[in-house]
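J.: Questions regarding the structure given below will be posed in turn.
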Amino acid sequence: MKTVFNFFNQSLIKVPAAFGALTSILCFFYFLALYAVGITPLGNKKILDFGIHIIMMVAAVWYYRKYVGHGMLHLWEALSICYVLNTFAAILTGWFIYGFLTYGDPTVFTNYLAEMNQLIVSTKGQLIKELGQAEYQKMLADVANIKPADLISDELAKKTVLAIFPALVISLIFRKQDYGVFQQ
């Protein structure tokens, strides 16, 4: 058990986990702000919280380079920081939203499902033309089967895909290696 704790005591895990926790709190506050304004805080309007992820990735990589790497940062360290932060934040945000939908206001989830169902019905002709009648009926049935717990994996999947390009760009911008070892 001590080995497991030692693994998580590494700065390459601790720093992005701490920034990821802060990111999830900020994303949940964004969710609550949308809710307070009267906008359904799930779906396409919620995806703008990925900007918070990007800002926090930049902050975490900068912090790690300055205080842990003492001005040096390898590309793989930066990529690891971005992906650990993003994954940790997405999972925690998903759990916060799940808790809110379960214990706070479950009508947010039912409104979200109604909006999804209405969107599918409003584009029925186009969907049947592109996918076929059977796939359209399956899509409608799938919406009815969505549970609040499914939002956790959905959050993780969407944020993982969205993080690929920004994580690479951030890592390339902040990398700085000591090439003195090659000049002996």
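The values are calculated or read from the model by the stated rules, or taken from the named source; none is laboratory data. The model shown is predicted, which means the values in this text are computed figures rather than measured ones. Reconstructed Cβ throughout: ideal geometry from the backbone, glycine too, with neighbour counts over all protein chains shown.
J.: What number of residues within segment 1-34 are over 23 Å from SER153 (Cβ atoms), outside any loop (DSSP other than H, G, I, E, B) and either of a type in the set (A, V, I, L, M) or in contact with a strand residue (DSSP E or B) (Cβ under 9 Å, 6 or more places away or on another chain) (or both)?
T.: 5
J.: Same structure, new question: Being under 21 Å from ALA167 (Cα atoms), hydrophobic (A, V, I, L, M, F, W, C), at pLDDT below 90 and assigned to a helix (DSSP H, G or I), is that true of even one residue in segment 35-57?
T.: Yes: one or more hits.
J.: Yes or no: segment 113-123 includes at least one residue that is more than 25 Å from the chain's Cα centre (by Cα), within 24 Å of ILE47 (Cα to Cα) and outside any helix (DSSP H, G or I).
T.: The answer is yes, given that some residue of segment 113-123 is more than 25 Å from the chain's Cα centre (by Cα), within 24 Å of ILE47 (Cα to Cα) and outside any helix (DSSP H, G or I).
J.: Same structure, new question: Based on this model, can you work out whether TYR136 counts as surrounded by 14 or more Cβ atoms within 10 Å (Cβ to Cβ), modelled with pLDDT under 85, over 21 Å from the mean Cα position of the chain (by Cα) and not aliphatic (A, V, I, L, M)?
T.: Numbers: surrounded by 14 or more Cβ atoms within 10 Å (Cβ to Cβ): yes; modelled with pLDDT under 85: yes; over 21 Å from the mean Cα position of the chain (by Cα): yes; not aliphatic (A, V, I, L, M): yes.
The answer is yes for TYR136.
Residue-wise test of (1) surrounded by 14 or more Cβ atoms within 10 Å (Cβ to Cβ); (2) within 20 Å of LYS159 (Cβ to Cβ).
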position: VAL61; (1), (2): yes, yes
position: TYR67; (1), (2): no, no
position: ILE81; (1), (2): yes, yes
position: THR87; (1), (2): yes, yes
position: LEU92; (1), (2): yes, yes
position: TYR103; (1), (2): no, no
position: THR110; (1), (2): no, no
position: ASN117; (1), (2): yes, no
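J.: Shifting gears a bit: Mind telling me which of the residues ALA60, ALA90 ends up being closer than 24 Å to THR23 by Cα, assigned to a helix (DSSP H, G or I), in contact with a Pro (Cβ under 6 Å, 6 or more places away or on another chain) and modelled with pLDDT of 90 or more? First the steps, then the outcome.
T.: Details: ALA90 fails: in contact with a Pro (Cβ under 6 Å, 6 or more places away or on another chain).
Result: ALA60 is the single residue among ALA60, ALA90 that is closer than 24 Å to THR23 by Cα, assigned to a helix (DSSP H, G or I), in contact with a Pro (Cβ under 6 Å, 6 or more places away or on another chain) and modelled with pLDDT of 90 or more.
J.: Only one of (1) surrounded by 15 or more Cβ atoms within 10 Å (Cβ to Cβ); (2) within 19 Å of VAL169 (Cβ to Cβ); (3) in contact (Cβ under 8 Å) with a residue 40 or more places away in the chain; (4) touching a helix residue (DSSP H, G or I) at 6+ places or on another chain (Cβ under 8 Å) is not met by HIS74, so which one is it?
T.: All conditions are met except number (4).
J.: Let me ask something else about it. From the residues in segment 1-34 that are at pLDDT 90 or above and of a type in the set (Phe, Trp, Tyr), which one is surrounded by the fewest Cβ atoms within 10 Å (Cβ to Cβ)?
T.: Taking the candidates together, the pick is PHE29.
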